[in-house]
Amino acid sequence: MPTPYSFIAPFARPLYVMLKPVGAVCNLRCKYCYYLEKKDLYPNASSYLMSDSLLENFIKQYLESQTTPEVLFTWHGGETLMRTVDFYRKALELQRIYGRGRQIENVLQTNGTLLTDKWCHFFKENNFLIGISIDGPQHCHDIYRRDREGRPSFFKVMKGISLLKKHGVEFNVMGVVNDYNVDYPLEFYHFFKSIDCRYIQFAPVVETIDNQPAPWNVPSGKWGDFLIAIFDEWVKQDVGTYYIQYFDSALANWVGEKPGVCILAETCGHAGVMEFNGDVYSCDHYVRPAYKLGNLQTHSLTEMMYSERQQAFGAAKRKALPQQCLDCQFLFACNGECPKNRIMETSSGEPGLNYLCEGYYKFFKHAAPYMDFMKNELLSRRPPSNIMFNIP
Ligand code: SF4
Ligand code: SF4
């Protein structure tokens, strides 16, 4: 189920750790999935199910460590629906006990194929926000999102979306952009509009196999063209109606606010992840032994998330920028994007350039006049959607 950046990283929150209640176990075998292999970190595990005692320990510590009246829990996979409804019921009960009146929100990311009336009834009853991983219309989605027998999953996901709608469950979508669907930007965008999804996230695939870019990676230049094609439609008719995480985060950077997504932020380290057995890692994309901060059985959450190691991890995003980024006119908007994707060399041979640099540069250059206009509207206390009436 996991897709790059499929956590909705709430950048500005004080302490944020997403949960993996079933580790890397999933009913699908999406070709580009970066998380399935994480099972190999635990070859001797007899089960990948988070225990009730660990769940309670986490919820207690997590709530005690929060300094805001609202607290966000993010359930992530593997496939989160491979737990039972009763597991999440138990979690809600513990949230009530340890929350002591705080407002608690639950976000759950799923591939959508296991949704049933029972699940949707439970989500509606308890105000869950559901994130569905879907890569666009059928021919785009079914390229890589298949089960272990190689069967496509599009119709199952669409059935899940119908159930969410039937029960009135709030949901958003996360689409992965790869070497195939990158050629269909408007079809991709129109598809999400057609299913009436107003909060759209998409993320480019950048993975390596034996230190080489994976064949399903989105080509960097095409990533820029993809963003531009959707941006051009959005900026003409959809600002304020459709929330597109990239565009809103870029605009936030334009006005000097914190972006809603970590990849465009100046530093990392704000979004940890806890595996099924209590191991806590620096980031969902750094679930590797070198980035393990400790285990909840032996270390407190605050100890791990505010540790020097985690702070160094966060600061490294800025400190490790190559000169090309430091000299770039769009550094304030891009921040060199995710360190995980900095697998290229600059033209002068310096390592650490982002694989997607060409695409981002192209996009920011194209969007700059529109962003400048929207920034001016915001600073003048007018809605940025005024851009739609000022495009020749
Ligand atoms: S490494 Fe940083 S930018 Fe990349 S996903 Fe993790 S927190 Fe976000
Ligand atoms: S557009 Fe390229 S050079 Fe500029 S900050 Fe982003 S990755 Fe660096």
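What the table below lists for this structure:
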| item | result |
| --- | --- |
| Total charge dipole magnitude, segment 99-157, about the Cα centre, Cβ charges on Lys, Arg, Asp, Glu only, Debye to nearest 20 | 180 |
| Candidates LEU15, LEU356, LEU41, ranked by Gaussian network fluctuation over the chain, Cα under 10 Å, top entry | LEU41 |
| Segment 256-392 - percent of accessible surface contributed by carbon and sulfur, probe 1.4 Å | 53 |
| GNM top mover of TYR98, TYR246, TYR34 - the chain, alpha-carbon springs below 10 Å | TYR98 |
| Antiparallel bridge percentage (DSSP; both residues within segment 96-208; nearest 5) | 5 |
| Dipole magnitude (debye, nearest 20) for the chain, charges at Cβ of Lys, Arg, Asp, Glu | 680 |
| Fraction of antiparallel bridges per DSSP, segment 173-261 only, in percent to nearest 5 | 20 |
| Sequence-distant lysines (8 or more away, or on other chains) whose Cα lies within less than 20 Å of LYS317 | LYS258, LYS292, LYS340 |
| Rg to Rh quotient for segment 136-258, alpha carbon positions, Kirkwood Rh | 0.99 |
| Overall Cα dimensions of segment 250-392 - principal axes, largest extent first, Å | 60, 40, 22 |
| Cross-link partners of LYS90 among aspartates and glutamates (Cα-Cα below 14 Å; sequence separation of 8 or more within a chain) | ASP52, GLU56 |
| Solitary cysteines of the chain, where the nearest other Cys Cβ is not under 4.7 Å | CYS26, CYS120, CYS140, CYS197, CYS262, CYS268, CYS283, CYS325, CYS328, CYS334, CYS338, CYS357 |
| Among ASN354, ALA368, TYR306 the positive-end extreme of the charge dipole of the chain (Cβ point charges) | TYR306 |
| DSSP H segments from the chain that extend 24 Å or more along their own axis, Cα-based, with Kyte-Doolittle mean of -0.5 or above | 220-237, 357-379 |
| Solvent-accessible area, 1.4 Å probe, carbon plus sulfur percent, for segment 48-109 | 48 |
| Stretch in the chain that is longest and holds no trypsin sites (Lys or Arg not before Pro) that DSSP places in a loop and that have at most 12 other beta carbons within 10 Å | 149-380 |
| For the chain: rounded, prolate or oblate by the Cα gyration tensor [a/c cutoff 1.5] | rounded |
| Straight-distance crosslink candidates among lysines, where the alpha carbon sits under 26 Å from LYS159 and sequence neighbours closer than 8 are dropped | LYS20, LYS31, LYS118, LYS124, LYS193 |
| Accessible area (Å², per residue) of the chain, counting only protein heavy atoms and a probe of 1.4 Å | 42 |
| Mean separation of Cα contacts under 8 Å, 6 or more apart, over the residue count of the chain: relative contact order % | 17 |
| Percent accessible area from carbon and sulfur atoms, segment 133-197, protein chains only, probe 1.4 Å | 53 |
| Rough spin-label spacing in nm, given labels placed 7 Å along Cα→Cβ, for ALA290 and ASN126 | 3.8 |
| For TYR144, net neighbour charge (Lys/Arg +1, Asp/Glu -1) across residues whose Cβ lies under 11 Å away | +1 |
| Whole-Å semi-axes of segment 213-289's equivalent ellipsoid (Cα gyration tensor) | 29, 18, 11 |
| Euclidean distance of C-alpha centroids, segment 203-253 and segment 276-318, integer Å | 28 |
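The values are calculated or read from the model by the stated rules, or taken from the named source; none is laboratory data. All values reported here derive from a predicted model rather than from experimental measurement. Don't worry about glycine lacking a Cβ; one is built from the backbone with ideal geometry, like all the others, and counts go over all protein chains shown. Each accessible area value is taken on the protein alone, full model and side chains, heavy atoms only, with ligands, DNA and RNA left out. Shrake-Rupley method; radii C 1.70, N 1.55, O 1.52, S 1.80 Å.
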